[in-house]
Amino acid sequence: MSRDDQLIALLLRELQEHPKPWWNAELMREAWSTYDRLRWLDAEPDLRAEITHTLAGLPLVAAQTDDIEFQADLIERVLESGAISLQAWEEAFSPELIAAHGPKAAIWQEFREQFPWEDPSEDDRDLLVWLLSELLEEREEGGRRSSIMSPLYIRSAIDVRIWQECIPLDVRVQVDGRRLRKELEGKHFTCRDELAVVKLERIVEHIPLEHLRGVFDALERVLPGLAQPETPVDDDDHEATESAHRI
């Protein structure tokens, strides 16, 4: 799996195991219906048949010959009847399957839009700590270990003034003390060392979360597959813009 596949799968798994008022099976069904999800698997008839068999009880051989509309309608009717739970429906479309076949950028942008940046609960803050730690987690790839984002990249994505105003003074004193000791020993003091003192939990606790959006803007530069696709410019609009520039 690619790095963006892995991240989306991990995020969806975390949200599936710990649903939120702003992200749960019911809301996700509204965002991406059964039909939408089966459309993602348009080129995977065996997977669609297996999901239809699991959720609707249709024999696997029969399900393999049905089209997407029929499969989706059948699953929806079974779901509406109460014969299967919304949780069972959600689990049939595993995070790994969605990450591999679904619209990763749309899912990531939906997460960013729905996350309660201005009024987070304690659980929401915990989720953000978890997500930041995943970005810093080193994993084996291509024979070497690396993380999605470096401590330097995360630290530099947070406004310096906000950092100085929000991180408690005693913590900043600890950072300066550690820096001086390292430099006296002839060693470099890096952002990795700084974050080891400050801790992600303190960052999320003390910095208003809206000021951490920049971290995810930076993430989209690292993983451009998660970035919001540019809206195509209509030919008429393009010509009008060009004309305006010539005036």
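Assorted remarks:
- Of the helices (runs of 4 or more DSSP H) that lie entirely inside segment 104-176, those containing 2 or more residues that are within 14 Å of I207 (Cβ to Cβ) span 122-136, 151-156, 160-166.
- When residues in segment 91-103 are screened for being part of a helix (DSSP H, G or I) and among the small types (G, A, S), 3 of them pass.
- Tally of residues being closer than 15 Å to E113 by Cβ and touching a residue at least 12 places away in the same chain (Cβ under 8 Å) across segment 16-26: 3
- Residues of segment 34-64 that turn out to be part of a loop (DSSP other than H, G, I, E, B), surrounded by 14 or more Cβ atoms within 10 Å (Cβ to Cβ), free of Cβ contacts under 8 Å to residues at least 40 places away in the same chain and not aliphatic (A, V, I, L, M), as a count: 1
- Which numbered condition K199 fails, given (1) under 22 Å from D4 (Cα atoms); (2) over 20 Å from the mean Cα position of the chain (by Cα): (1)
- Top-ranked residue in segment 120-139 [being under 14 Å from the mean Cα position of the chain (by Cα) and within 18 Å of R155 (Cβ to Cβ); ranked as surrounded by the fewest Cβ atoms within 10 Å (Cβ to Cβ)]: S133
- Flag if D170 is out of contact with any Asp or Glu (no Cβ under 6 Å at 6 or more places or on another chain), surrounded by 15 or more Cβ atoms within 10 Å (Cβ to Cβ) and on the phi < 0 side of the Ramachandran plot: no
- Filter result for R13 (within 18 Å of the chain's Cα centre (by Cα) and buried (at least 16 other Cβ atoms within 10 Å of the Cβ)): no
Since every read-out is calculated from the coordinates, none of them should be taken as a lab result. Quantities reported herein were computed from a predicted structural model and do not represent experimental measurements. Virtual Cβ from ideal backbone geometry, glycine too; neighbours counted across all protein chains shown.
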